Amino acid sequence: MLALLPLVHHNSPMSSEEPCPGPCNRRYREARDTYRQALADYDPLDSSQSRPDPPETVPWQGEPVWCPACASRIMQKLAQLDYLAGILAAAADGHRPSGGLERVSGSQEQPSPSQAGDDLDEMFGMLSTWEEIYRGLKGWRSGPPHGELASRETECINWLQRHLKGILASEAAGDFGREILQWHREGTGSAKAGVRTLRKPMRCPSCRMLVLFWTEGEKNVYCKNVACARVLSLAEYEIEAERQAAILKSGQEVPAEAGAA
């Protein structure tokens, strides 16, 4: 599954005084969370501690929910979903791609014959749900069946683009924008557009299988053995790679970690 179904918080207040929830305020949110944790750890009875100072980072404000830069980003990502739909449609031929991303032996779950087709269906479900939500907010009747004038995804995207200004000013704005950004980010990886998933040459330190994979831009390396599912940060991977290289250089066999599954 690439994204959660949309959730509209009907009781959420709309205010231009709220910080934009987009990536423009990533540093602000990190500074805010660090301050909150420091404040929670502060003991006023401990004379060796000083009360933490609030962050000086000033957030970008929503207008009313998203700042202009993030609203433009959402508009761009929504348009690019049409290209991603085309890439997925071209790959949805009933054949699973070759490579190292198949489930390793031991898994009882039967894979879909076409993951790209499943992802395309999910994209349409997400887009059509948002169309239904906004039609409901406006009191409009349901639209005609999709797929007669263009692909069902293209029709939904074009409809949402036409009404995007109103959607981003509605009570659905926050959830809609977050899901479009999330789907674009995860859908890009699913469609293998712009990023690569690479097999790492090192054996998993837990299960000792050659099934470690890293997707460009991610912070972690994942073991694709479902019986193991080890996750290493890039820093942990580099340290372990150096350790294993030193052991192999000495002519010894690299053991699995103690207690590994």
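We did not get these values from a lab; they are worked out from the coordinates using the rules stated. The model shown is predicted, which means the values in this text are computed figures rather than measured ones. Note that each Cβ is placed from the backbone with ideal geometry, even for glycine, and that neighbours are counted across all protein chains shown.
The packing ranking of peptides 73-82, 25-34, highest mean first, is 73-82, 25-34, where packing means the average number of other beta carbon atoms within 10 angstrom of each residue. Shape analysis of region 119-225 places it in the prolate category; the axes a ≥ b ≥ c from the Cα gyration tensor give an a/c of at least 1.5, with a/b above b/c. As a rough guide to protection, the peptides 217-225, 123-131 ranked by mean Cβ packing within 10 Å, highest first, stand as 123-131, 217-225. With a ≥ b ≥ c the root eigenvalues of the C-alpha gyration tensor of region 197-249, is it rounded (a/c under 1.5), prolate (a/b larger than b/c) or oblate? It is oblate, given that a/c is not under 1.5 and a/b is not larger than b/c.
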